[in-house]
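Structure first, then comments.
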Amino acid sequence: MKAFKREIKDITDLLEMVQDFKTMTPSIVAIDTEATGLHIIKDKPFLFQFGWRVGKNIMSYLVYLNKSTLGKQTIKALWDLCKKYKCTIIGHNIKFDLHMLKNIHVDIGGLKFADTTFNIRFAHDSLTPDNGGPPLSLKDYTAQYITADAKTHEKKIQSERSQIAKDYNKNLMLKLKAIETGWSVARLDELEKEHFEVLSVLSTKIRNAYNKWLAALPQDVLDKKTGFFINSNEIPYNLVNIDILKEYAYYDIIYTLLLYYSTIDVVKTRQQEQAYQLECDLLLPLLKMERVGFKVDRDYLLTAKADMEKYMIKRRKNLATLLGDNIRANQHQKLKELIKEKYNITLKSTNTDYLNVILPTIDKKEVKDIIKIVQELRTLEKWYSTYLLRFLRELGPVGTRIYTTINQVGTVTGRVTSDFQQFPRRGISKANGTPLFDPRRMVIVTGGEYDLLAYLDYSQIELRFTAIYTILLGMPDQNLCRAYMPYNCYNATTNKLFDYTNVKDIKKIHTDQWLRAEDAELWIPTDVHAATTALAYPDVHTHSKKFKELRADVGKPANFAKNYGSKFNRLKQMFPDKADDEIKRIDEAYYKAFPGIKNYHEYCYTEANASEYSTNLFGVRYYGLNGHKLINCLIQGSSATLLKQKIIEVDRFLSNYDYKIKFQMNIHDELSFEIAKTDIAVLPKIKAIMEDIQNTPIPIVVDMEVSKKSWADKEPYDG
């Protein structure tokens with residue numbers, strides 16, 4: 001393979017590139033950008049790279065975007081060629097590059113796009129890197145599977161960024177030490193244990209010197225700075241050595257093309273083309289969603305930040321009092337040493353799982369309190385960093401919206417990942433129950449004509465798909481099926497047995513009365529979590545307060561764990577305060593309540609041992625999984641595939657009409673929108689699209705909710 005590298009510096013170079021293209025007529029064109037940062041809305045590209053491979057020759061071009069109109073002329077010429085020759089444009093994490101191009105007003109309409117992360121996912125077994133699967137990053141993948149020196153240029157770039165950051169920080173330290181001889185990084189670390197705004201407690205001279213240092217930093221660095229010092233990952237690429245950057249840029253195109261051509265035939269051989277095309281079709285709908293973002297209540301964030309800081313400082317002081325030392329909750333070794341020294345208790349570990357298990361066995365109240373405070377502080381600090389500081393930094397001094405990137409292949413199941421996928425449903429509170437912060441409360445209506453937030457959520461979609469699998473395997477789980485339809489029940493009026501293949505019967509599920517075949521009792525949808533709870537605790541009355549607590553605290557989490565194949569030891573970890581015989585009852589109760597699910601689990605183990613791959617309900621294949629992983633993969637994968645199909649359908653529907661509605665995000669099995677009150681009537685139409693699934697034996701239901709205030713305040717909407 002021979003690579004030709006060309007920089008387009010003038011119109012003559014551009015015309016030569018066009019002639020090369022026409023001569024070689026590639027079907028696949030790779031693109032990439034180098035930008036001032038990673039923010040999909042605020043940052044801008046300064047370099048555009050592209051290229052193609054024909055035979056054993058790879059052409060790699062680059063053009064600067066911020067020096068003249070030549071850059072945009074080049075992109076337009078390339079786009080025109082791609083349209084004329086019906087090329088597919090590929091890139092690694094290509095949505096980011098498309099964001100960058102849209103940020104400088106480049107039109108991307110009428111073009112076909114694909115992402116080489118799809119090649120990695122569908123050309124390999126369905127395993128994470130930790131389990132022997134391939135890495136998803138371009139350099140890591142290329143280095144592992146194509147050429148060992150793929151990281152050479154990246155290492156040079158990172159070295160440059162590290163040196164620039166080091167120089168900035170060295171300059172700051174010299175300034176501070178000239179004012180106070182005792183100044184050190186260790187001193188800063190001690191101050192950060194007691195104060196969140198360290199700068200506010202430093203001397204006036206130190207603050208003034210620090211602010212002068214800040215003022216001299218490039219704006220691109222200031223926009224990304226998160227801590228007291230500069231980190232290397234906060235140095236944008238436009239500040240590194242030009243010659244090093246150009247080589248890096250050329251090779252990104254070369255590696256992208258090598259990756260694509262080394263995997264695409266495997267994708268076809270594994271008959272994953274349908275799944276691959278689905279991901280390609282999803283690219284632009286997700287791009288539009290990502291650019292909408294979320295309106296944020298800055299005042300709420302700032303208030304919550306102050307409250308959390310005050311409370312965390314208090315709890316750190318409580319911990320220091322109990323241990324006799326100023327210690328952070330994540331100083332694992334020191335924590336073990338202090339507990340041993342002061343209370344003569346030896347802990348094997350201080351990780352969260354171990355502390356959960358050991359806590360009920362500790363007799364000394366002080367040590368129990370230490371463990372509880374440590375666990376609480378770890379949770380608080382994670383929330384503070386993940387849901388408060390991160391979004392406040394992204395907002396900047398005047399911003400009102402936050403944005404996130406949706407990763408289509410971040411999991412082997414196909415379920416998308418993003419910062420918002422992990423948003424907790426409930427907020428965090430103090431130990432006494434006083435609310436501190438609810439991340440969903442920070443997301444508010446945009447205002448103006450967009451005065452509503454709307455959420456359409458697939459109701460218990462994974463359990464419904466589990467029920468479908470029990471039917472397809474020939475052993476319908478009666479309890480689970482009856483959660484969603486009157487399975488094995490007869491119509492009280494016609495005396496005919498319910499037929500889940502009959503559309504008329506499906507429509508009558510909740511309008512007619514149905515009687516259970518075994519006892520003629522009225523069919524009431526099964527409460528799946530109560531079913532397990534009742535069998536695990538037969539002596540607790542099902543209408544009692546105690547039963548409701550057990551359903552929420554035991555039945556529900558146990559069901560979710562068991563649905564995906566968890567066994568006795570996992571339940572024991574989940575419920576460390578319960579004796580083995582109680583854990584055994586919970587474990588057995590689940591399979592008594594849902595014997596059909598046990599059959600599904602056994603099928604997964606048999607299938608994994610007997611077959612090279614397994615296929616979800618929508619034709620996506622999963623290769624190389626063991627039975628335990630397959631249990632989860634088929635259900636979550638089917639849910640993920642369905643949601644992706646429906647995002648595309650809803651996007652096409654909305655594109656055909658002039659509704660004042662913006663597709664905002666998908667969170668788990670839920671689609672969110674910004675919408676004008678005058679267009680609320682469109683929601684039932686979207687619901688109908690989402691529920692329109694052919695030949696499903698279990699009804700698929702979408703719940704609708706709207707909010708006039710915040711994500712946390714959404715309420716049911718019946719249309």
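The values are calculated or read from the model by the stated rules, or taken from the named source; none is laboratory data. A quick note: this is a predicted structure, and the numbers were derived from the prediction, not measured. Cβ coordinates were reconstructed from backbone atoms using ideal geometry, including for glycine residues, and neighbour counts include every protein chain displayed.
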Inset, instruction - Given the conditions (1) of a type in the set (A, V, I, L, M, F, W, C); (2) surrounded by fewer than 18 Cβ atoms within 10 Å (Cβ to Cβ); (3) under 23 Å from Y717 (Cα atoms), report the number of the one that V443 does not fulfil. - result: (2)
Inset, instruction - Show the residue pairs that are 6+ apart or on different chains and have beta-carbon atoms under 7 Å apart, the first residue being within segment 138-152 and assigned to a loop (DSSP other than H, G, I, E, B), the second being surrounded by fewer than 17 Cβ atoms within 10 Å (Cβ to Cβ) and at pLDDT 95 or above. - result: I146/S262
Inset, instruction - Identify the single condition in (1) within 20 Å of the chain's Cα centre (by Cα); (2) modelled with pLDDT under 90 that G396 does not satisfy, given that it satisfies every other one. - result: (1)
Inset, instruction - Pairs only if they're at least six apart or on different chains, beta carbon under 6 angstrom, first in segment 94-115 and closer than 14 Å to F46 by Cα, second in a helix (DSSP H, G or I) and not basic (K, R); list them, first residue then second. - result: L98/L287; V106/I75
Legend entry - Neighbours by Cβ (under 7 Å, 6+ apart or cross-chain): first from segment 328-346, under 18 Å from E190 (Cα atoms); second among the polar types (S, T, N, Q): H332/T350; L335/T350
Inset, instruction - Go through segment 178-228 and tell me which helices (runs of 4 or more DSSP H), entirely inside it, have 3 or more residues that are of a type in the set (A, V, I, L, M, F, W, C) and either exposed (fewer than 15 other Cβ atoms within 10 Å of the Cβ) or not assigned by TED's automatic domain parsing to the domain that holds L395 (or both). - result: 185-194, 204-215
Inset, instruction - Mind listing just one residue for me: the one in segment 346-358 that is within 30 Å of the chain's Cα centre (by Cα) and not small (G, A, S) and, of those, surrounded by the most Cβ atoms within 10 Å (Cβ to Cβ)? - result: T350
Legend entry - Residue count for segment 359-382, restricted to those that are surrounded by 14 or more Cβ atoms within 10 Å (Cβ to Cβ) and either touching a Pro at 6+ places or on another chain (Cβ under 8 Å) or on the phi > 0 side of the Ramachandran plot (or both): 1
Inset, instruction - Can you work out which of the residues in segment 410-440 that are surrounded by fewer than 19 Cβ atoms within 10 Å (Cβ to Cβ) and aliphatic (A, V, I, L, M) is modelled with the highest pLDDT? - result: L436
Inset, instruction - Output the residues belonging to segment 255-311 that are buried (at least 21 other Cβ atoms within 10 Å of the Cβ) and polar (S, T, N, Q). - result: T256, T263, Q272
Inset, instruction - Pick out the one residue from Y248, Y300, Y255 that is in contact (Cβ under 8 Å) with a residue 60 or more places away in the chain and within 30 Å of Y613 (Cα to Cα). - result: Y255
Inset, instruction - Considering every residue within segment 42-62, establish whether at least one is touching a residue at least 60 places away in the same chain (Cβ under 8 Å), of a type in the set (A, V, I, L, M, F, W, C), crowded, with 19+ Cβ neighbours inside 10 Å and outside any strand (DSSP E or B). - result: no
Legend entry - Which listed residue, of H105, H39, is in contact with a Phe, Trp or Tyr (Cβ under 9 Å, 6 or more places away or on another chain) and in a loop (DSSP other than H, G, I, E, B): H39
Inset, instruction - Output the residue which, of all residues in segment 389-408 that are in contact with a strand residue (DSSP E or B) (Cβ under 7 Å, 6 or more places away or on another chain) and assigned to a helix (DSSP H, G or I), is surrounded by the fewest Cβ atoms within 10 Å (Cβ to Cβ). - result: L395
Inset, instruction - Could you check, for segment 666-684, whether at least one of its residues is in a helix (DSSP H, G or I), of a type in the set (A, V, I, L, M, F, W, C) and touching a helix residue (DSSP H, G or I) at 6+ places or on another chain (Cβ under 6 Å)? - result: no
Inset, instruction - Return the total of residues in segment 605-643 being surrounded by 16 or more Cβ atoms within 10 Å (Cβ to Cβ), in a helix (DSSP H, G or I) and of a type in the set (S, T, N, Q). - result: 5
Inset, instruction - Determine whether segment 297-307 contains at least one residue that is in contact with a strand residue (DSSP E or B) (Cβ under 7 Å, 6 or more places away or on another chain) and of a type in the set (A, V, I, L, M, F, W, C). - result: yes
Inset, instruction - Just give me the residues in segment 670-702 being within 22 Å of the chain's Cα centre (by Cα) and surrounded by fewer than 19 Cβ atoms within 10 Å (Cβ to Cβ), in sequence order. - result: E670
Inset, instruction - Would you mind stating whether I253 is of a type outside the set (F, W, Y), out of contact with any helix residue (DSSP H, G or I) (no Cβ under 9 Å at 6 or more places or on another chain) and at pLDDT 95 or above? - result: yes
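Matching residues to (1) hydrophobic (A, V, I, L, M, F, W, C); (2) farther than 14 Å from Y250 by Cα:
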{"position": "D10", "(1), (2)": "no, yes"}
{"position": "L14", "(1), (2)": "yes, yes"}
{"position": "T33", "(1), (2)": "no, no"}
{"position": "G37", "(1), (2)": "no, yes"}
